[in-house]
Amino acid sequence: MSHPTRDHILDAAAKVFAEHGFRGATTRLIAEAADVNEVTLFRLFGSKDVLLGEAIRTRVYEREVSPLPETPGDARAELIAWAAAEYKQIVAHRASIRQGMSELNERPELRRCMAQGPLGGYARLQRYINALMAAGRCAGDADAVNAAAMLLGALFADAMGRDMMPEVLPPAKHVPHAYVDLMLAGIGYSARPAAVRRRSASARAKRSA
C-alpha cells in the first residue's frame with residue numbers, strides 16, 4: 001500500500017462520491033480507491049461522514065473563483081474568458097454536483113458547502129457588472145443581480161444538461177459566447193461610456209450642420 005496522505009484520500013473519496021453518491025460511497029470503496037486500509041480512514045477522519053463531508057466541500061464546492069478585473073476593459077472578452085473558466089469547472093464536477101443535488105433532501109447540511117463556489121461566482125460577477133454600470137457602460141435600468149443570475153444560470157443549465165438534451169442548447173462551439181452576448185444585450189452594454197457616446201454624437205451633429 002502507498003503511504004497515505006489526507007489529500008490523496010480526499011481525492012479518492014470525492015471520486016467515489018461522484019460515482020456512487022453518499023450512501024454508496026462505502027469506506028471499503030474509498031479505501032480501495034485510495035490504496036489504503038479502512039483503519040487508516042478512520043484514524044485520519046474519524047468517520048465516513050466527516051471524510052465525505054470534507055471531500056465534497058474541498059474537492060467540489062469550495063473552489064477558487066475565476067478572476068474578473070476590478071476595472072472593466074473589454075467587457076465582452078473579459079466575461080467570455082471568465083464564463084469559460086466557470087463553465088469548465090461545472091463540467092469537470094458535473095457528476096459530483098448531480099450526486100450532491102440528489103442527496104439534498106436526505107442530507108440538507110450539504111446545502112451550505114454546495115453554495116460556496118456558486119455564491120463566490122455570483123458576488124464577483126455582480127461587482128463587475130456594477131463597475132460597468134458606474135462607468136456608464138450599461139443602460140440606466142440595468143440590474144446586476146438579475147444579469148448575474150441569468151449568465152450563471154445559463155452556464156449551469158448548459159453544463160448540466162448538454163449530455164442529456166444537446167439539441168435544445170446552442171452549439172457547443174458557441175459556449176460561452178452566446179450567453180455572454182445575451183447578458184450584455186440585456187443590460188444595454190456599450191464598449192464606450194455614456195459620456196463618450198454623447199460627445200461623439202454631438203460631434204457628428206456639428207459636422208453635419
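The values are calculated or read from the model by the stated rules, or taken from the named source; none is laboratory data. Every value quoted in this text rests on a predicted model; they were computed, and no experiment measured them. Backbone-built Cβ (ideal geometry, glycine too); neighbour counts: all protein chains shown.
Numbers at a glance
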quantity	calculated
Verdict on Arg107 being in contact with a Phe, Trp or Tyr (Cβ under 7 Å, 6 or more places away or on another chain), among the basic types (Lys, Arg), farther than 30 Å from Gly186 by Cβ and surrounded by 12 or more Cβ atoms within 10 Å (Cβ to Cβ)	yes
Ala92 small (Gly, Ala, Ser), loosely packed, with under 14 Cβ neighbours inside 10 Å and closer than 23 Å to Met183 by Cα	no
Residues that are surrounded by fewer than 15 Cβ atoms within 10 Å (Cβ to Cβ), within 22 Å of Gln99 (Cβ to Cβ) and either among the β-branched types (Val, Ile, Thr) or assigned by TED's automatic domain parsing to the domain that holds Met101 (or both), drawn from segment 8-52	Thr26, Val50
Of the criteria (1) over 18 Å from the mean Cα position of the chain (by Cα); (2) within 22 Å of Tyr87 (Cβ to Cβ); (3) in a helix (DSSP H, G or I), which one Met133 fails	(2)
Count of segment 168-192 residues which are surrounded by 14 or more Cβ atoms within 10 Å (Cβ to Cβ), touching a residue at least 60 places away in the same chain (Cβ under 8 Å) and not in a helix (DSSP H, G or I)	3
All positions within segment 17-73 that are in a loop (DSSP other than H, G, I, E, B), of a type outside the set (Gly, Ala, Ser) and at pLDDT below 90	Glu62, Arg63, Glu64, Val65, Pro67
Residue tally, condition over 20 Å from Leu151 (Cβ atoms) and either aromatic (Phe, Trp, Tyr) or in contact with a Leu (Cβ under 9 Å, 6 or more places away or on another chain) (or both), over segment 102-130	4
Boolean, Ala131 is surrounded by fewer than 16 Cβ atoms within 10 Å (Cβ to Cβ), more than 16 Å from Ala185 (Cα to Cα) and not hydroxyl-bearing (Ser, Thr, Tyr)	no
Residue among Arg137, Arg98 that is touching a residue at least 24 places away in the same chain (Cβ under 8 Å), loosely packed, with under 15 Cβ neighbours inside 10 Å and either aliphatic (A, V, I, L, M) or in the same structural domain as Ala157 (by TED's automatic domain parsing) (or both)	Arg98
Residues satisfying the stated conditions in segment 64-77, i.e. under 17 Å from Leu155 (Cβ atoms) and crowded, with 17+ Cβ neighbours inside 10 Å	Val65, Ser66, Leu68, Ala75
